[in-house]
Structures are given as C-alpha cells and as structure tokens.
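The values are calculated or read from the model by the stated rules, or taken from the named source; none is laboratory data. Keep in mind that this is a model prediction, so the values were computed, not measured. Here the Cβ positions follow ideal geometry from the backbone for every residue, glycine too, while neighbour counts run over all protein chains shown. To get the accessible areas, we keep the full protein, side chains included, count just its heavy atoms, and leave off ligands, DNA and RNA. Shrake-Rupley method; radii C 1.70, N 1.55, O 1.52, S 1.80 Å.
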Amino acid sequence: MKKQDWLVILIIVVVLAPFFIPATGFFAGFKHLTDTHPYIMAFFKFAILATFGEMLALRIREGVYNKKGFGVLPRMIVWGFLGMAITMAMKIFSTGTPYFLASTGIADYPTIHDAFFPATPGGPAAPLTWAKVGIAFAVSVLMNSIFAPVMMTFHKCTDIHITDNGGTVRGLFRPIKMREIMSKKVNWDVQWNLVIKKTIPLFWFPMHTITFILPPTFQVLFAALLGVALGLILALAGGSKK
C-alpha cells in the first residue's frame, strides 16, 4: 500500500471511532437525526459513502483516489440528490409492495403488514421470519427492476457530464447534453450487459433484500455502504491499469 492508502485508512478510523464509543453519544445522535431528518441524512450518507466508492474504484483502476477532471465535489452533489431519490424509492416500494402482494391473494394485507413492518412506527423491526424475507425480496426485486435501471443510467450520464466539463461545480450546473451522451458516449455494452443485466439480479436483488430486513433507521446507511462495495466490484470487473 502507498502512503495515500494509509492516510485514507487513518481518516476512516478517526471518523468511525466515535460511533463505537458510547460516551461520545455519536451513535444516539446519528440515530436521532436519521429518524427525524431522513432525506437530509440520506443526502450526506450517499454524498460521502457512494463518492468514496467511486474514489476507491479510481484507485483500483488508475492508482489514485483523485485526479484532474474527476470532480469529487460535483460527484458528491449528484450522489447526495440520488441518495434522497433512493430513500424516497425505498419508502415507496417498501410501503406499496405489501399492498401489491395482498392484491395477488398471497395473503391479506394485515398478515403481510405484521410480518414485515414494525409493530409501531419507529419501533423495533418485525421478527425475522421466512415471510419477512420473502416480502423483503419482493420489495428488492420490484424496486431494482423498476427504479434502479433509470437511476443507474441517469447517474452514468451525470458522470460523463462531470468529466466533459472538467470536474468543476460550475460545469455540473451547465445544461446536460442528454441526447448526445445517451446516443454517443454511454458504453451500452457495459451499461446493459454488466451494470444492469448482471449487477441488478446478482448483487442488488440479494443485497437489498438484506437492506429491507434491517430496522428502518439503518436501511439507507446500508444502502449507501453498498455503493462503496459496488464501486469496487465494477472497478475489478473493468480491470485496473495499475
């Protein structure tokens, strides 16, 4: 490992350490903010963690965490708003899927609700049962089949837009040439055959099943952490230069 790697590890340890020291109250404060301001917290979780995943991917591919034109800050802004959209989608699909399942006659809604949702809003998660796992899997499949391809493609377009504009914040807010990017610059062989066709069923279906089994407070945080893992997977799948 290089000096920059040890510096990154040190930063991670310093940032995470307070959460494991009860006397600091960081964990309780984090939980309170997540419960009371879910979308603001989602912005910062994804802005930090998902962008860090992209930086790790860059480190694997090219040997550095940042480079000219990469645009860490613009990427953080994009990931922040995508994090808010993902949080919204998680709430929509986790609430709507049980109604959909009930409409198919699998079970009545009260039975599905009791198997999946906390007994009281904000309360402890429902006990882990096969029924809860099945509902969580259904939520994951629907969300990742309907919402994820659009989100992933939009994110790819913003990546290209950021790079085309020199990685600057000002460049981020220039009009996106969506038609040109979609028709000429997106590598659809990778975007479809790897990102959508493979990572969605093989990675996101099972991982988001775990996400929806977790207590609501930790679902968005775990989803953001998965962004770090996916960044590594895509970097390894694409090969590294150094």
(Q) Testing A138 on (1) surrounded by fewer than 19 Cβ atoms within 10 Å (Cβ to Cβ); (2) modelled with pLDDT of 95 or more; (3) aliphatic (A, V, I, L, M), one condition comes back false. Which one is that? (A) (1)
(Q) Looking at the structure I just gave you, is G71 small (G, A, S), modelled with pLDDT of 85 or more, on the phi < 0 side of the Ramachandran plot and open to solvent by less than 40 Å² (accessible area, probe 1.4 Å)? (A) no
Q. List pairs: first in region 199-224 and farther than 15 Å from F93 by Cβ, second of a type in the set (D, E), Cβ under 7 Å, 6+ apart or cross-chain?
A. T217/D35
Q: Give M76, M90 a once-over and let me know the one that is aliphatic (A, V, I, L, M) and in contact (Cβ under 8 Å) with a residue 40 or more places away in the chain.
A: M90
Q: Pairs only if they're at least six apart or on different chains, beta carbon under 7 angstrom, first in region 100-114 and under 15 Å from V139 (Cβ atoms), second outside any helix (DSSP H, G or I); list them, first residue then second.
A: A102/D108
(Q) Among the residues in region 57-66, are any open to solvent by less than 40 Å² (accessible area, probe 1.4 Å), closer than 30 Å to I135 by Cβ, part of a helix (DSSP H, G or I) and touching a residue at least 12 places away in the same chain (Cβ under 8 Å)? (A) no
Q: Only helices (runs of 4 or more DSSP H) wholly contained in region 100-185 count here; list those with 2 or more residues that are farther than 30 Å from K67 by Cα and small (G, A, S).
A: 130-146
Q: Select, from A89, A28, A50, the only residue that is touching a Gly at 6+ places or on another chain (Cβ under 6 Å) and assigned to a helix (DSSP H, G or I).
A: A50
Q | Hits in region 75-97 (condition: over 17 Å from V228 (Cα atoms) and crowded, with 21+ Cβ neighbours inside 10 Å) | A | M90, F93, S94, T97
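Quick one: how many residues across region 8-42 are open to solvent by 50 Å² or more (accessible area, probe 1.4 Å) and either under 22 Å from Y65 (Cβ atoms) or not charged (D, E, K, R) (or both)?
Taking region 8-42 first, the residues open to solvent by 50 Å² or more (accessible area, probe 1.4 Å) are 9-16, 19-24, 26-28, 31-33, 35-37, 39-40.
Pick out the ones that are also either under 22 Å from Y65 (Cβ atoms) or not charged (D, E, K, R) (or both) and you get 9-16, 19-24, 26-28, 32-33, 36-37, 39-40.
Residues in region 8-42 being open to solvent by 50 Å² or more (accessible area, probe 1.4 Å) and either under 22 Å from Y65 (Cβ atoms) or not charged (D, E, K, R) (or both): 23 in total.
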Q) On the given criteria, is S145 farther than 19 Å from F81 by Cβ, open to solvent by 20 Å² or more (accessible area, probe 1.4 Å) and under 17 Å from the mean Cα position of the chain (by Cα)? A) yes
